[in-house]
Each structure stands twice: as C-alpha cells, then as structure tokens.
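Visitor: Below you will find the structure I want to go over with you.
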Amino acid sequence: MAAKIDLSGVGMTSQRTRNRLTDRLRDQGISNEGILDVMASTPRHLFVDEALAHRAYEDTALPIGYSQTLSQPYIVARMTQAILSLGRPKNVLEIGTGSGYQTVILAQLIDEVSTVERISGLLEKAISRFRLLGLSQIRYKYDDGQLGWPEKQPFDAIMVTASPRVIPQELVAQLSPGGCMVVPVGTPGNQELTLIQREENGFRTEVLEKVRFVPLLGGKR
C-alpha cells in the first residue's frame with residue numbers, strides 16, 4: 001500500500017508555520033488577501049525533496065534539481081500580485097513550470113493556467129502534484145518555453161519564471177489586448193522584474209524591483 005501523503009504538515013510544515021510566512025509576506029507589502037490565503041493553505045513542503053521540507057516555509061529559494069530553484073515565497077506572491085493588480089485574468093500562460101508551486105498558486109486564483117516546461121523530469125513531478133491536489137484547471141506542455149503556447153493564444157496574462165536577457169517578443173505577441181506579462185529581464189546579477197501591459201497603441205512597461213532568477217534557456221531536455 002502506498003504511503004499516505006500528508007497535506008496538512010506538522011512541526012516546521014504546520015499551519016502555524018505557514019501563517020507566520022504569510023504574516024511576513026504581508027509585512028513585505030503583499031496586500032492581496034486572496035493570494036495570502038492561497039499561500040497559507042498550499043502545502044509548499046510537497047514541492048521540495050523531503051530532506052528540505054523543514055525549510056519549505058522560509059522566505060527563501062530552494063533547489064529542486066536540474067540546476068533549477070523553487071522561487072522564494074515573496075517573489076511568488078509579488079509576481080502573482082502584479083498580474084492581479086491589473087484585473088483578474090481568465091487565462092494565464094506560465095513559462096517555466098519548475099516544481100509546479102507557482103502554477104498551483106495561480107490555479108487557485110485564475111480560471112485556467114497553461115504552463116510550459118522544457119525539462120521533462122521537472123514536469124513529470126509537477127504533474128503528479130497537480131493530480132494529488134486535484135487541480136483540473138491546469139494545462140501543461142513539455143516544450144521550449146521561449147516559444148510560448150501559440151495554439152492557445154491569446155492570453156490575458158503571461159508569467160515568466162526565468163530570466164531572458166531582453167523582453168521576449170515571441171511571448172509579448174501572445175498577449176490579448178489589455179493583457180499583461182510579468183518577467184524578470186536582464187543578465188545574471190542585473191535583473192529587473194518587469195510588468196508589461198499591452199495597450200491599444202503599444203505597450204506600457206514598468207520596472208517593479210531588482211530580482212535574481214535562473215536564465216531562460218531554449219530547447220528541451
């Protein structure tokens with residue numbers, strides 16, 4: 001018989017520990033209570049190896065293998081809040097599924113989330129977590145994220161969880177009118193979290209803050 005997965009957590013993964021995390025996020029300027037509620041109820045310890053579960057509710061990035069990381073909770077909340085600040089999108093494209101944690105946060109706030117991952121091993125683990133949590137509003141694809149998901153465009157919002165050196169025009173083109181994209185742009189050590197909104201006569205760009213992300217790479221592995 002398979003071991004029962006503990007979604008509630010105990011000790012360092014308990015609800016009390018999760019609540020302390022969301023209190024810190026609130027102090028850091030995350031004001032959307034919907035996001036905070038979702039992050040308080042989502043078992044982040046499921047998205048890292050068991051040996052790191054006790055650190056899951058620290059406000060820090062954690063390794064997930066394949067030279068990739070699970071973003072720190074503040075960045076997850078900040079990017080989500082940036083997208084929701086312009087209105088609630090019906091469909092979101094996520095570039096870089098990773099562990100699936102950001103995907104799961106979005107899926108509890110948005111009608112449909114489409115996510116693309118270029119590393120098959122990461123996507124397989126993420127899919128198992130989506131199923132465990134019963135989230136049927138997630139569509140996933142194993143592909144080069146730099147290409148977006150042309151067959152499902154346009155998207156009300158796009159979230160990129162790795163850093164291209166310049167704003168990716170291939171992705172911008174897949175935004176619906178009025179849609180927005182949040183993306184960390186720049187070179188290692190000099191990246192800016194950027195919010196881009198598609199307007200009637202072009203695009204409006206706003207730099208939110210300095211960040212550190214793994215680079216956005218092409219191809220599949």
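Visitor: Return the calculated 222 nm mean residue ellipticity for the chain, to the nearest 500 deg cm²/dmol, obtained by summing -39500 (n - 2.57) across DSSP H runs with n ≥ 4 and dividing by the residue count.
Guide: Roughly -7500 deg cm²/dmol at 222 nm, from the helical runs in the chain.
Visitor: Quick one: net charge of Leu123's neighbours, Cβ under 13 Å, K/R +1, D/E -1?
Guide: That works out to +3.
Visitor: Which far-off residues, 5 or more places away or on another chain, put their amide H under 5 Å from the one on Ala157, with H placed in the peptide plane?
Guide: Long-range HN contacts for Ala157: Asn91, Leu93, Cys180.
Visitor: How far is helix 73-84 tilted, in degrees, relative to the longest principal axis of the Cα atoms in the chain, given as a value from 0 to 90 rounded to the nearest 10?
Guide: Around 40 degrees separate the two axes.
Visitor: Nearest 10 degrees, 0 to 90: what angle lies between the long axis of helix 120-132 and the longest principal axis of the chain (Cα atoms)?
Guide: 60
Visitor: Going Cα to Cα from Lys90, which lysines come in below 23 Å? Please leave out same-chain ones fewer than 8 positions away.
Guide: Hits, sequence-local ones excluded: Lys141, Lys152.
Visitor: Further, regarding this structure: I'm spelling it out carefully: the read-out is semi-axes √(5λ) of the Cα gyration tensor in Å, the candidates are (1) 32, 19, 15; (2) 27, 19, 17; (3) 35, 18, 15, and one was derived from this structure. Which label?
Guide: (2)
Visitor: How big is the antiparallel share of DSSP beta bridges in the chain, given as a percent to the nearest 5?
Guide: Taking every DSSP beta bridge with both residues in the chain, the antiparallel ones total about 50 percent.
Visitor: Using a cut-off of 13 Å between beta-carbons, work out the net charge of the residues near Tyr57 (Lys and Arg +1, Asp and Glu -1, Tyr57 not included).
Guide: Summing Lys/Arg as +1 and Asp/Glu as -1 gives +3.
Visitor: A follow-up question, please. For the pair Glu151 and Glu124, how long in nm is the line joining their label points, each one 7 Å along Cα→Cβ?
Guide: Here the answer is 2.2 nm between the modelled labels.
Every read-out reported here was derived from the displayed coordinates using simple, explicitly stated rules and does not represent laboratory data. Since the structure is predicted, the reported quantities are computational estimates derived from the model, not experimental observations. Note: ideal-geometry Cβ built from the backbone for every residue, glycine included; neighbour counts use all protein chains shown.
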